[in-house]
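**Student:** Right, I'll just put the structure down here and ask away after.
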Amino acid sequence: MKFTRVCFSNIGKMLDFYSQFNPSPLSIKQFIDFGLSACERKSFIFLRKELPVRLANIMKEIHLLPENLLRMPSVGIVNNMYVTSFQEIIEFEKVEVSDNTLDKFCQALVKIRNRHTDIVQTMAQGILELKDSHDVDAQTENSIQYFLDRFYMSRISIRMLINQHTLLFGGVLNGHNRHIGCIDPHCDVISVVKDAYENARFLCDQYYMASPDLVVKQFNINSGIKIIYVPSHLYHMLFELFKNSMRAVMEHCGVDADNYPPLEVTVIQGKEDICVKMSDRGGGIPRSQMDYLFKYMYSTAPQPSKSDAHTVPLAGYGYGLPLSRLYARYFHGDLVLLSCEGFGTDAVVYLKALSNEANELLPIFNKTSSKFYRTSL
Ligand SMILES: O=C(O)CCCOc1c(F)cc(-c2c(C(=O)NCc3ccc(C(=O)O)cc3)noc2-c2cc(Cl)c(O)cc2O)cc1F
């Protein structure tokens, strides 16, 4: 038992040490510039400090969560995963840089990424365990909402750093030779829109035996609107929004309607922003219900079991929209909904047009964030 105590107090000291540093946000331009020069040693030197800093910052917040939530089995599993991953990374803190070290580091990153694959579901399970065992008052719900936005944003940022390093140096081909890691320097926005639409339409056809058409328009530029961005992030947001719009239109118009009002997507090239506006005639949702769409507590539905996944394919774990907004905000964009009850809903994804302005938005553990938990306990 003595060994465990010593080991635990050592982790506590290391957490205190690394959490005193603020995470260092990188811009898409910095990711690209670094990726073009592609020096594995420099990346290793940066990540063996930055990853523990980002892990420690969010782990300190996990420990500030309401006791009731912290005690939930699934939250304990999440915390242990972070402790294990933190320990594995700080092993590289002082090792001398050799080819062998670099290989071992890449392997460690892949192991950590795999360990954390299902964290969103595991955390959602923890929320369900809390809802099933305790009454959750408004203050606790607020601190959970605040925490999960920061926790999932932190996770997006850590996976971005790991993916860039393993794709650039891990010997794994990313399947797109012109991409820099997971970033496409010439991401064609309308191609991603059409990709997301076709895949959402496939699910819609499966369940409703029909689906609304798509009308795409673009403004302010005749050639294709391009952005330096992470296509998988843009796809994730658009796929979610298409699923929601299709569900609203099919439910509003009824499955036996002759035809369905098409979804209209407008892509606009601005000086500062690139906007993707998705408009549907799905009957809209009352203002009073809008906030619930982004609430983790209200959208934590029991996970669709694999067997009946084909029954309600457009419904996910309920986290689709809050997570999509985090992806938009991650590089200083946003995702905004404007619904008119009785008519339909517009969803706008704002993206930074300039890569040097597309900076990571990272949660920072400090007195302000800690105070939030204490006052809202
Ligand atoms: O992750 C998941 O499982 C998907 C979780 C999400 O599931 C939803 C979903 F796809 C679509 C809607 C919905 C409705 C609706 O449903 N209107 C009918 C009603 C009328 C009254 C009231 C009320 O009075 O409470 C509620 C709904 N109207 O517009 C939207 C709508 C919502 C979003 Cl985010 C969007 O991007 C596009 C849309 O057209 C609501 C969802 F919630």
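Quick note: the coordinates plus some simple rules give every number you see, no bench work behind them. Just so you know, these numbers come straight off a predicted model, no measurement behind them. FYI the Cβ positions are ideal-geometry reconstructions off the backbone, even for glycines, and counts take in every protein chain you see.
**Student:** State whether the stretch 182-259 is rounded, prolate or oblate according to the following rule on the C-alpha gyration tensor (a ≥ b ≥ c being the square roots of its eigenvalues): a/c under 1.5 gives rounded; otherwise a/b larger than b/c gives prolate, and the remaining case gives oblate.
**Tutor:** Numbers: a/c = 3.26, a/b = 1.96, b/c = 1.66.
Because a/c hits 1.5 or more and a/b exceeds b/c, the stretch 182-259 counts as prolate.
**Student:** For the chain, what are the DSSP H helices with axial Cα length of 18 Å or more and mean Kyte-Doolittle hydropathy of at least -1.0?
**Tutor:** 2-19, 40-62, 73-90, 99-115, 119-133, 138-169, 189-208, 231-253
**Student:** What does the charge count around Ser355 come to, taking other residues whose C-beta lies under 15 Å from its C-beta (Lys +1, Arg +1, Asp -1, Glu -1)? Walk me through the numbers on the way to the answer.
**Tutor:** Working: positive: Lys29, Lys226, Lys271, Lys352; negative: Asp33, Asp184, Glu272, Asp273, Glu357, Glu360.
For residues surrounding Ser355, the net value is -2.
**Student:** Here is a further query. If exposed trypsin sites (Lys or Arg not before Pro) are those in a DSSP loop with at most 11 other Cβ within 10 Å, what is the longest stretch of the chain that has none?
**Tutor:** Working: sites that count: Lys94, Arg178, Lys271, Lys306.
Result for the longest clean stretch: 1-93.
**Student:** Quick check: pseudo-label points 7 Å beyond the Cα along Cα→Cβ at Asn68 and Lys131, how many nm apart are they?
**Tutor:** Label-label distance for Asn68 and Lys131, simple model: 1.4 nm.
**Student:** Still on this structure, please answer the following. Nothing charged except the Cβ atoms of Lys and Arg (+1) and of Asp and Glu (-1): what's the magnitude of the dipole of the stretch 82-206 about its Cα centre? Round to the nearest 20 debye. Each step should come with its number before you reach the end.
**Tutor:** On the way: 12 positive and 18 negative charges, 68 e Å.
Using only the charged Cβ atoms, the result is roughly 320 debye.
**Student:** Using the Kirkwood radius over C-alpha pairs as Rh, can you work out the diffusion coefficient of the stretch 129-210 via Stokes-Einstein at 25 °C, viscosity 0.890 mPa s, in µm² per second?
**Tutor:** On the way: Rh = 17.0 Å.
Value of D from the Cα-based Kirkwood radius: 145 µm²/s.
**Student:** May I ask for the net charge around Cys204, where only other residues with Cβ less than 10 Å from the Cβ of Cys204 are counted and Lys, Arg are +1 while Asp, Glu are -1? Before the final figure, lay out the partial values.
**Tutor:** Numbers: positive: Arg201, Lys243, Arg247; negative: Asp205.
So the environment of Cys204 carries a net charge of +2.
**Student:** Report the relative contact order of the chain, percent, no decimals, based on alpha-carbon pairs under 8 angstrom and at least 6 residues apart.
**Tutor:** So the answer I get is 21 percent.
**Student:** Something else about it: Which FRET efficiency value, to the nearest 0.05, is calculated for Met290 and Asn22 with the Förster distance at 30 angstrom and r the Cβ-Cβ distance? Please list the in-between numbers first.
**Tutor:** On the way: r = 33 Å, r/R0 = 1.11.
So, using R0 = 30 Å, E works out to roughly 0.35.
**Student:** Determine the alpha carbon to alpha carbon distance for each of Lys295/Lys367; Lys42/Lys371; Lys131/Lys352; Lys29/Lys49; Lys60/Lys271; Lys104/Lys194 and list only those over 29 Å.
**Tutor:** Exceeds cut-off: Lys42/Lys371; Lys131/Lys352; Lys60/Lys271; Lys104/Lys194.
**Student:** Largest first, please: the extent of the C-alpha atoms of the stretch 140-299 along each principal axis, to the nearest Å.
**Tutor:** Extents along the principal axes, in whole Å: 53, 49, 35.
**Student:** Name the residues of the stretch 130-151 whose amide N is less than 17 Å from a point 7 angstrom out from the Cα of Lys367 along the C-beta direction?
**Tutor:** none
**Student:** For Cα pairs less than 8 Å apart in space and 6+ apart in sequence, what is the mean separation divided by the residue count of the stretch 194-270, i.e. the relative contact order in percent? Walk me through the numbers on the way to the answer.
**Tutor:** On the way: 80 pairs, mean separation 40.3, N = 77.
Relative CO of the stretch 194-270 lands at 52 percent.
**Student:** Oh, and also: Can you give the net charge of the other residues whose Cβ lies under 14 Å from the Cβ of His176, counting K and R as +1 and D and E as -1? Kindly include the intermediate steps, with their values, before the conclusion.
**Tutor:** Values: positive: Arg178; negative: Asp184, Asp188, Asp195.
Value of the local net charge: -2.
**Student:** Next question. Positive end of the dipole of the stretch 141-260, charges at C-beta (+1 Lys, Arg; -1 Asp, Glu), about the Cα centre: which of Ser191, Phe147, Asn163 has its Cα farthest in that direction?
**Tutor:** Checked the options; the winner is Asn163.
**Student:** Sticking with this one: Which of Gly181, Phe46, Val216 sits farthest toward the positive end of the charge dipole of the chain, with +1 on the Cβ of Lys and Arg and -1 on the Cβ of Asp and Glu?
**Tutor:** Phe46
**Student:** Please express the shape of the stretch 1-160 as an equivalent ellipsoid: the semi-axes are the square roots of 5 times the eigenvalues of the C-alpha gyration tensor, given largest first in whole angstrom.
**Tutor:** Sorted largest first and rounded, they come to 30, 19, 14 Å.
**Student:** Dividing the Cα radius of gyration by the Kirkwood radius, what Rg/Rh value follows for the stretch 78-185? Mind dumping the intermediate values first?
**Tutor:** Working: Rg = 17.6 Å, Rh = 16.3 Å.
Reported Rg/Rh, Kirkwood definition of Rh: 1.08.
**Student:** Here is a follow-up. With 11 Å as the cut-off, how large is the P(r) tail for the stretch 30-70, expressed as percent of Cα-Cα pairs? Don't jump to the answer; show the numbers that get you there.
**Tutor:** Details: 582 of 820 pairs.
For the stretch 30-70, the share of Cα pairs beyond 11 Å comes to 71 percent.
**Student:** Right, here's the next one. Along its principal axes, what span do the Cα atoms of the stretch 1-96 show, with the longest given first and each in whole Å?
**Tutor:** Each principal axis gives a Cα extent; for the stretch 1-96 these are 47, 29, 22 Å.
**Student:** Quick one: P(r) of the chain from all Cα-Cα pairs, 10 Å bins, percents rounded to integers, in order of increasing distance.
**Tutor:** With a bin width of 10 Å, the distribution comes to 5, 21, 30, 26, 14, 3, 1, 0.
**Student:** What percent antiparallel are the DSSP beta bridges of the chain, to the nearest 5? Before the final figure, lay out each step's value.
**Tutor:** Details: 26 of 32 bridges.
Rounded to the nearest five, the antiparallel share is 80 percent.
**Student:** If you don't mind, there's one more thing I want to ask. Could you grab the relative contact order for the stretch 74-199? Cα pairs under 8 Å, six or more apart, rounded to a whole percent. List each step's numbers first, then the result.
**Tutor:** On the way: 50 pairs, mean separation 32.1, N = 126.
Computed over the stretch 74-199, the figure is 25 percent.
**Student:** Size of the dipole of the chain about the Cα centre, Lys and Arg at +1 and Asp and Glu at -1 on the beta carbon, nothing else charged, in debye to 20?
**Tutor:** The calculation lands at about 1280 debye.
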